[in-house]
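Working notes for the structure below.
The values are calculated or read from the model by the stated rules, or taken from the named source; none is laboratory data. Just so it is clear, the model here is predicted, and its values are computed rather than measured. Every residue, glycine among them, receives a Cβ derived from its backbone with ideal geometry; neighbour counts consider all protein chains shown.
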Amino acid sequence: MTEDAAPRRPQAILFACSHNAVRSPMAEAIGRHLFGREIYFASAGLRAGELDPFAVSAMDEIGIDISKHKPHSFDELEDDSFDLIVSLSPEAHHRALEYTRALAVDVVYWPTMDPTAVQGSRDQMLDAYRGVRDGLDRRIKELLGWHSFGKL
């Protein structure tokens, strides 16, 4: 296989969801944690929500601090030069497709449960956030070629 035939790893990725308060900031932080400055990661929502304390707790459990994340919307993005947009909710997927209509950007949809919909005890709710976190971690590693032994 020639080098030209190998898939090119995206250099700038935007994660998008509904409020930029749970799923997309988790994904952005996981990407940054895994790849540092090798890849530019950002996140946005359809609307800017309030950062969710359960998301902060779930990420803190794996040593990633998102407590300073400020949720923002697509309209507040400072840059639109992404190679890939990963949408995490149906609404965000529709917005990402609309946003990229005139841009050469790939858009993929990763249906991701909204853990804020889970009711129950604190532990049951936190488990839902952990599930989202762990699912995003796995998918980001698969997408970008990360193995348990380190980066490719």
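Filter the range 74-122 for residues that are of a type in the set (Phe, Trp, Tyr), closer than 16 Å to residue 24 by Cα and modelled with pLDDT under 95 and give the result.
74, 82 - these are the residues of the range 74-122 that are of a type in the set (Phe, Trp, Tyr), closer than 16 Å to residue 24 by Cα and modelled with pLDDT under 95.
Is one or more of the residues making up the range 53-61 among the polar types (S, T, N, Q), surrounded by 11 or more Cβ atoms within 10 Å (Cβ to Cβ) and within 15 Å of residue 14 (Cβ to Cβ)? Please lay out each step first, then the result.
Step one: list which residues in the range 53-61 are among the polar types (S, T, N, Q), which gives 57.
Imposing the further condition that a residue be surrounded by 11 or more Cβ atoms within 10 Å (Cβ to Cβ) reduces the set to 57.
So of that shortlist, the ones also within 15 Å of residue 14 (Cβ to Cβ) come out as none.
No; the residues of the range 53-61 include none that is among the polar types (S, T, N, Q), surrounded by 11 or more Cβ atoms within 10 Å (Cβ to Cβ) and within 15 Å of residue 14 (Cβ to Cβ).
Look at residue 36 and say whether it is within 20 Å of residue 67 (Cβ to Cβ) and modelled with pLDDT under 95.
Judged against the criteria, residue 36 is a match.
Taking the range 35-46 as the region of interest, how many residues are surrounded by fewer than 19 Cβ atoms within 10 Å (Cβ to Cβ) and in contact with a strand residue (DSSP E or B) (Cβ under 6 Å, 6 or more places away or on another chain)? Full working, then the answer.
Taking the range 35-46 first, the residues surrounded by fewer than 19 Cβ atoms within 10 Å (Cβ to Cβ) are 35-40.
Filter again for in contact with a strand residue (DSSP E or B) (Cβ under 6 Å, 6 or more places away or on another chain), leaving 40.
So the answer is 1.
If residue 59 passes every condition in (1) in contact with a helix residue (DSSP H, G or I) (Cβ under 7 Å, 6 or more places away or on another chain); (2) closer than 15 Å to residue 19 by Cα; (3) outside any loop (DSSP other than H, G, I, E, B) but one, which one does it miss?
(2)
Mind counting the residues in the range 62-112 that are loosely packed, with under 15 Cβ neighbours inside 10 Å, assigned to a helix (DSSP H, G or I) and aliphatic (A, V, I, L, M)?
Summing the residues that are loosely packed, with under 15 Cβ neighbours inside 10 Å, assigned to a helix (DSSP H, G or I) and aliphatic (A, V, I, L, M) in the range 62-112 gives 1.
Do any residues in the range 20-40 that are of a type in the set (Ser, Thr, Tyr) have Cβ atoms under 7 Å from those of residues that are outside any loop (DSSP other than H, G, I, E, B), where the two are at least six apart or on different chains, and which pairs are they?
That search, which allows pairs on different chains as well, returns 24/15; 24/16; 24/17; 24/43; 24/44; 24/45; 40/12.
Would you point out the residue of the range 123-150, among those that are farther than 25 Å from residue 93 by Cβ, touching a helix residue (DSSP H, G or I) at 6+ places or on another chain (Cβ under 9 Å) and modelled with pLDDT under 95, that is surrounded by the fewest Cβ atoms within 10 Å (Cβ to Cβ)?
For the range 123-150, the residue satisfying everything is 148.
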